[in-house]
Amino acid sequence: MRRRAPALLTVLLAALAAILLAAPPASAHTELESSAPADGARLARTPATVRLAFSEPVELHDVHVTVGGRKSAVSRSSGHGSRAVEVTVPKTSGRSRVALTWQVLDMEDGHPTSGTLSFRLSAKAAPAAAAPAAPQPSRAVHAAWATVRWAGYLALAVYVGGLAFLALLWPQGALDRRTRRVLTLSWATGLAASLLAPGLQGAYGTLGTLGAVFQRATYADLLGTQVGVVAACRVLMWVLAAIVLAAVLQGGDRAARSPGWRVGALAVALGLLRTTSMTGHNSEGTHPGWGAVADVVHLLGVSLWLGGLTLLLVGVLPRRRPAELSAVVSGYSTLAGVSVAAIVAAGAVLTWQVVGSFGALLHTGYGRLLLLKLAVLALVLLLAQRSRGWVKTRLDIAVLLRGDRVTVRPFVHSVAAETGLVLVVLAATSLLVTSAPGR
C-alpha cells in the first residue's frame, strides 16, 4: 500500500494538470462588457445617458455609479434584457472630460467589480486631469471577512467531522469532557461566524467600513439578495445544529449509536455543507451543477479529516486506553484515506470549474493563491503518507505497553503537526472564497 500511494498521488496530479490544460475559460465575476458611448469616445457634449452592458444579469440596487464624485440614477435599459442598465449623466460645463465610475455586485457571491469610463467632450479640448481612481473595498473589512470565513470553515469542519467521528468510530467519546467542550465551542463559533459574515460581506460589497457591519441598512440591503437568503438559511441550520448537539450531549454514547440521531445529524450536516458552499465560486463556471456537488464533497472530506484529527488530539490520545487506540486510530486511518481521495478529486473539479485555464492559474492572484493551497495540501499528504508506517509501528508498541505516556506522546506531536498544516489549508481557502477569480 505504501508503494502504491505515491503512484496514485502522481496520477491524480497528472489528471489535474490535464484538466487545467483542456478546460475552457470559466467566467469570473460580473464584468462590464461594453458601454454606449464607448470608453474613450469623443463627444460634442455631455451625453444624457450612458448604457452599461454587463456579462451577467444584474439587479438595479447592485449597480452603483458616480459621475464627478456624485451618485447618478440607474434604471433598466429597455430592450436590452437584465444585463444592461441606463445611467443618467448630469450636465457639466467648463470640462473637457467626463469620468464615470461604476461598481457592481455579483449576484452569486456578492463580490464587487468596479472600473472607470472616460469621455472627451471636444476633440480640440486641452488634456484634462486624470480620471479619478475606481473605488476599492476596505482592506480592513476584507481582512475581517476572511478571518470570519476561516473561523466559520474551522467550526464547520470540527462540528461535522466531530459528529461523524463519534457516530462512526468512537460513540463512547460523547461522554468525554474534552470532546464535549470542543463540539460545543465549534457550534458557538459556527453560529457567531454565520451571523457576522453577512454584515462583513455587505460592507465589503458596498465599499463600506467596519462600522457598517453594525448598521441595520447593511443587513437589510443584503437580505434582499440571493447571498442574503443563503446566509439566513445558514444561520437557521446552525440553530438546528444546536438540537442535534444537545441530543448527543444528553444521551451520550446511546444517542451516538441511535439510527434516529444519526439521520438527524446527517441532515443537519448536509444542510450546513450546502449553505456554506452556495456562496463560493462553484457556480461561476461552465457547469455549476458539477461545481456545487464537488464543493459539498470537498467540504465534507475536509470536515471528516480535520474533525477526526481534532478529536484524536483532544479526546482519544489523552485517555491512553489501548483498546481505543487500536480500534479508533485504525478506523480513522481508513476514513482519512477516503476523505483525502475525495478532497483531491473534488478539488480537481473545482479548479477546472473556477480557474478554467492553465494560464489563469499562473498569471492571476487567485490562481497563485490556489497554487499555494495545493502546495500546502501536497505537503500534508506527503508527511501523512511517510508517517503512516511509523504510526502503525508506534501504535503496536503503545498497545503492548498499555498506553504508556512515552509511547503515546509521538502520536500527539504527529497529529498536532498535521492539524496545524490543515489549518493553513483552511486559511488559504478562506482567502480564495473572499477573492475574485481571474484577477
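The values are calculated or read from the model by the stated rules, or taken from the named source; none is laboratory data. For clarity, every value in this text was computed on a predicted model and none was experimentally measured. Glycine gets a Cβ as well: all are built from the backbone with ideal geometry, and neighbour counts include every protein chain shown.
Could you grab me the full set of residues in region 249-267 that are crowded, with 21+ Cβ neighbours inside 10 Å and under 28 Å from the mean Cα position of the chain (by Cα)? Walk me through how you get there before you give the answer.
Filtering region 249-267 down to residues crowded, with 21+ Cβ neighbours inside 10 Å leaves 255-256, 265.
Answer for region 249-267, where residues must be crowded, with 21+ Cβ neighbours inside 10 Å and under 28 Å from the mean Cα position of the chain (by Cα): just Ala265.
Kindly check whether there is at least one residue in region 299-309 that is in the same structural domain as Arg177 (by TED's automatic domain parsing), out of contact with any helix residue (DSSP H, G or I) (no Cβ under 7 Å at 6 or more places or on another chain) and either more than 25 Å from Cys233 (Cβ to Cβ) or at pLDDT 85 or above (or both). Break it down stepwise before answering.
The initial filter retains those residues of region 299-309 that are in the same structural domain as Arg177 (by TED's automatic domain parsing), namely 299-309.
Imposing the further condition that a residue be out of contact with any helix residue (DSSP H, G or I) (no Cβ under 7 Å at 6 or more places or on another chain) reduces the set to none.
The answer is no, given that none of the residues of region 299-309 is in the same structural domain as Arg177 (by TED's automatic domain parsing), out of contact with any helix residue (DSSP H, G or I) (no Cβ under 7 Å at 6 or more places or on another chain) and either more than 25 Å from Cys233 (Cβ to Cβ) or at pLDDT 85 or above (or both).
The residues on offer are Arg70, Arg2, Arg76, and the sole one that is more than 22 Å from Arg95 (Cα to Cα) and either modelled with pLDDT under 85 or β-branched (Val, Ile, Thr) (or both) is Arg2.
Would you mind stating whether Gly359 is modelled with pLDDT under 80, out of contact with any helix residue (DSSP H, G or I) (no Cβ under 7 Å at 6 or more places or on another chain) and of a type in the set (Gly, Ala, Ser)?
Numbers: modelled with pLDDT under 80: yes; out of contact with any helix residue (DSSP H, G or I) (no Cβ under 7 Å at 6 or more places or on another chain): yes; of a type in the set (Gly, Ala, Ser): yes.
When the stated conditions are applied, Gly359 passes them.
Going by what's in this entry, would Trp150 be described as within 30 Å of Val230 (Cα to Cα) and at pLDDT 95 or above? Judged against the criteria, Trp150 is not a match.
Taking the criterion of being part of a loop (DSSP other than H, G, I, E, B), charged (D, E, K, R) and out of contact with any strand residue (DSSP E or B) (no Cβ under 9 Å at 6 or more places or on another chain), would at least one residue in region 67-75 satisfy it?
no
One residue alone among Gly205, Gly211, Gly199, Gly251 is touching a strand residue (DSSP E or B) at 6+ places or on another chain (Cβ under 9 Å) and either among the basic types (Lys, Arg) or farther than 19 Å from Gly307 by Cα (or both), and that residue is Gly205.
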